[in-house]
Number of protein chains: 2
Amino acid sequence: MTAIQGARERARREVTAAIKEEARRRLAAEGAAKLSLRAVARELGMVSSALYRYFPSRDDLLTALIVDAYDAVGEAAEAALTAVPDDAPPADRWTAVCLAVRAWALAHPHEYALIHGTPVPGYAAPRDTVGPGTRVPLALAAVAQRARLSGLLGEPAGDPPPGPVRAEAEELAAEHAPGLPGPVMAALVASWAQLIGLVGFEVFGQFNGVVVAARTEFFTHTVRRMAGDVGLR
Amino acid sequence: MTAIQGARERARREVTAAIKEEARRRLAAEGAAKLSLRAVARELGMVSSALYRYFPSRDDLLTALIVDAYDAVGEAAEAALTAVPDDAPPADRWTAVCLAVRAWALAHPHEYALIHGTPVPGYAAPRDTVGPGTRVPLALAAVAQRARLSGLLGEPAGDPPPGPVRAEAEELAAEHAPGLPGPVMAALVASWAQLIGLVGFEVFGQFNGVVVAARTEFFTHTVRRMAGDVGLR
DNA sequence: CAATAATGAGAGCAGTGCTCTTGTTCTTCT
DNA sequence: AGAAGAACAAGAGCACTGCTCTCATTATTG
């Protein structure tokens with residue numbers, strides 16, 4: 001049954017994968033704005049209407065690419081985390097994750113733009129993207145959690161967060177990063193957004209004429225300062 | 001001469017302004033991706049080809065909107081800076097600038113997306129946008145400069161930057177923010193990118209389900225920590 | 001083997017950016 | 001003042017897009 005039924009299903013999977021692959025190629029070549037279903041179909045030797053059997057609309061194709069991209073950065077971040085020993089200095093582990101995100105982004109700028117640039121289709125990010133979108137921040141949180149177990153997690157720099165922020169951070173920690181104190185969780189969320197801002201500036205060329213020569217050093221240095229800022233020793 | 005010649009020139013200015021105005025309206029309504037020259041022309045009661053007398057292409061229209069948006073955020077930041085007294089605590093002045101940027105972004109999400117989202121046209125941001133794009137970071141730098149004159153500028157948190165970063169930061173400071181030490185300048189650039197990341201997360205809905213209730217408090221708190229991080233007392 | 005569902009092909013619709021040509025109006029120079 | 005020139009608006013048209021139909025073909029199921 002799986003064999004016979006699998007024939008069509010496998011074909012479907014293969015065609016779906018081929019479409020995404022070609023779409024990614026064209027994405028890398030011309031950007032999301034100019035990604036055209038017809039061009040993808042043409043390149044694949046199929047007619048454009050056939051493509052709608054696999055993706056109900058252009059935006060759905062884009063959403064699929066977004067999900068894949070989230071998974072890819074997330075995997076890169078997690079791989080970087082497992083590549084560095086558990087008992088390494090937390091700041092090193094933190095830096096490794098950040099560098100992995102940056103490296104992936106620089107290697108796949110258009111895909112990175114897809115997930116952390118302007119939401120292309122309508123305006124709000126589709127719901128399917130919230131799950132895979134958490135892998136990077138969870139990797140960052142994992143560093144803090146491990147540091148805490150080793151007694152290498154201190155207080156975040158600066159004033160403690162005001163009540164409401166602390167309360168919400170504690171809720172968030174309870175759900176996604178058990179054990180982490182509220183202030184650390186708040187600092188962590190902020191660091192996540194800051195990391196994305198930092199990477200985005202580099203990928204989207206906003207640092208052109210500002211940081212030109214020592215980009216990797218600048219990034220590493222900044223990200224290390226962030227580690228200390230969160231409370232990692 | 002100015003009167004007669006001015007007739008056409010003024011008409012041109014007015015039509016140009018009307019086009020941009022209508023384009024901004026449609027931008028706010030449907031986003032940059034769906035901004036159509038024909039729709040703008042239609043709404044203005046003119047034929048689409050006539051619009052090309054004013055903007056050589058759709059991308060040029062977008063670029064014009066980008067420049068305007070940069071100026072608008074920049075002005076908001078500068079206005080916020082002049083609204084708070086010169087001798088106020090530097091951290092307060094810093095926070096005021098950051099809050100102004102955030103407020104503008106939340107009020108004009110699509111325009112903000114235009115300047116800090118994916119570069120829509122090709123991939124690199126047009127050259128005309130580098131000038132107006134510096135007003136926000138310069139406002140941040142101004143806070144640090146004023147703090148230095150009052151003796152309220154300390155060392156940035158964390159390790160000092162490595163040689164190349166410090167050198168490049170000093171060059172940058174010499175050109176754009178005379179008097180600022182290299183480490184502060186490096187921290188400043190990082191903070192700028194981090195601020196944009198933070199605002200972008202909120203505007204683009206990436207904080208949905210993460211930071212939900214105490215957004216303003218969270219932002220203010222984070223931005224205050226950043227001020228201390230840069231060295232502002 | 002017959003009924004059913006999935007797939008592909010093609011035509012077609014409404015919309016897009018952009019170009020070219022044609023007539024008209026304003027500006028400038030003699 | 002009148003002629004030459006530029007700026008402009010309008011329309012037709014091209015190549016392209018996303019998407020929806022209809023119709024034939026194929027594979028899967030009863």
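The values are calculated or read from the model by the stated rules, or taken from the named source; none is laboratory data. The shown structure was predicted, so the numbers you read here are calculated from the model rather than taken from an experiment. Please note: Cβ atoms are built from the backbone with ideal geometry, for glycine as well, and neighbour counts cover all protein chains shown. Accessible surface areas use protein heavy atoms only, side chains included; no ligands, DNA or RNA. Shrake-Rupley method; radii C 1.70, N 1.55, O 1.52, S 1.80 Å.
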Checklist outcome for this item: Apart from one, (1) at pLDDT below 95; (2) open to solvent by less than 30 Å² (accessible area, probe 1.4 Å); (3) within 15 Å of the chain's Cα centre (by Cα) all hold for A:Gly74; the odd one out is (1)
Checklist outcome for this item: Quick count over the range B:1-56, residues being surrounded by fewer than 17 Cβ atoms within 10 Å (Cβ to Cβ), modelled with pLDDT of 95 or more, under 30 Å from A:Arg58 (Cα atoms) and more than 11 Å from DNA strand D (Cβ to nearest atom), is 7
Checklist entry - Do we find that A:Arg13 is in contact (Cβ under 8 Å) with a residue 60 or more places away in the chain, of a type in the set (D, E, K, R) and more than 23 Å from B:Leu35 (Cα to Cα) in this structure? => result no
Checklist entry - Here are A:Ser150, A:Ser191: which of them is more than 8 Å from every other protein chain (Cβ to nearest Cβ) and either touching a Gly at 6+ places or on another chain (Cβ under 6 Å) or surrounded by fewer than 23 Cβ atoms within 10 Å (Cβ to Cβ) (or both)? => result A:Ser150
Checklist entry - Among the residues of the range A:37-46, is there at least one that is under 22 Å from the mean Cα position of the chain (by Cα) and away from DNA strand C (no atom under 12 Å from the Cβ)? => result no
Next on the checklist: If the requirement is being within 14 Å of chain B (Cβ to nearest Cβ) and within 11 Å of DNA strand C (Cβ to nearest atom), which of these qualifies: A:Ala50, A:Ala33, A:Ala28?
Outcome noted: A:Ala33
Checklist outcome for this item: Condition set farther than 14 Å from A:His110 by Cα and of a type in the set (D, E, K, R), scope the range A:57-74, selection farthest from DNA strand D (Cβ to nearest atom): answer is A:Asp71
Checklist entry - Name the pairs whose Cβ atoms lie under 9 Å apart, with the first residue in the range B:26-37 and of a type in the set (D, E, K, R), the second open to solvent by 60 Å² or more (accessible area, probe 1.4 Å), and 6 or more positions between them or separate chains? => result B:Arg26/B:Lys34; B:Arg26/B:Glu43; B:Glu30/A:Tyr123
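Can B:Thr129 be described as among the polar types (S, T, N, Q), out of contact with any His (no Cβ under 8 Å at 6 or more places or on another chain) and buried (at least 23 other Cβ atoms within 10 Å of the Cβ)? Don't jump to the end; show me each part of the working.
Details: among the polar types (S, T, N, Q): yes; out of contact with any His (no Cβ under 8 Å at 6 or more places or on another chain): yes; buried (at least 23 other Cβ atoms within 10 Å of the Cβ): no.
For B:Thr129, the condition - among the polar types (S, T, N, Q), out of contact with any His (no Cβ under 8 Å at 6 or more places or on another chain) and buried (at least 23 other Cβ atoms within 10 Å of the Cβ) - is not met.
This table checks each residue for (1) in contact (Cβ under 8 Å) with a residue 40 or more places away in the chain; (2) among the aliphatic types (A, V, I, L, M).
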| position | (1), (2) |
| --- | --- |
| A:Ser49 | no, no |
| A:Leu61 | yes, yes |
| A:Ala79 | no, yes |
| A:Asp86 | yes, no |
Next on the checklist: Cβ-Cβ distance below 7 Å, separation of 6 or more or different chains: which pairs start in the range A:137-156 with a residue that is without any contact (Cβ under 8 Å) to a residue 12 or more places away in the chain and end on one that is of a type outside the set (Val, Ile, Thr)?
Outcome noted: none
Checklist entry - Just to be sure, is B:Ala96 open to solvent by 30 Å² or more (accessible area, probe 1.4 Å) and in a helix (DSSP H, G or I)? => result no
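In the range B:53-66, how many residues are away from DNA strand C (no atom under 12 Å from the Cβ) and within 14 Å of chain A (Cβ to nearest Cβ)? Break it down into steps so the answer makes sense when it comes.
Let us first name the residues in the range B:53-66 that are away from DNA strand C (no atom under 12 Å from the Cβ), namely B:64-66.
From the residues that got through so far, the ones that are within 14 Å of chain A (Cβ to nearest Cβ) too are B:65-66.
Here the count works out to 2.
Does A:Ala91 satisfy being more than 13 Å from DNA strand C (Cβ to nearest atom) and out of contact with any Pro (no Cβ under 6 Å at 6 or more places or on another chain)? Even if it seems obvious, please write down each step before you answer.
Details: more than 13 Å from DNA strand C (Cβ to nearest atom): yes; out of contact with any Pro (no Cβ under 6 Å at 6 or more places or on another chain): yes.
The answer is yes for A:Ala91.
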Next on the checklist: When the residues of the range B:199-224 are narrowed to those that are crowded, with 21+ Cβ neighbours inside 10 Å and without any contact (Cβ under 8 Å) to a residue 60 or more places away in the chain, which ends up nearest to the chain's Cα centre (by Cα)?
Outcome noted: B:Phe201
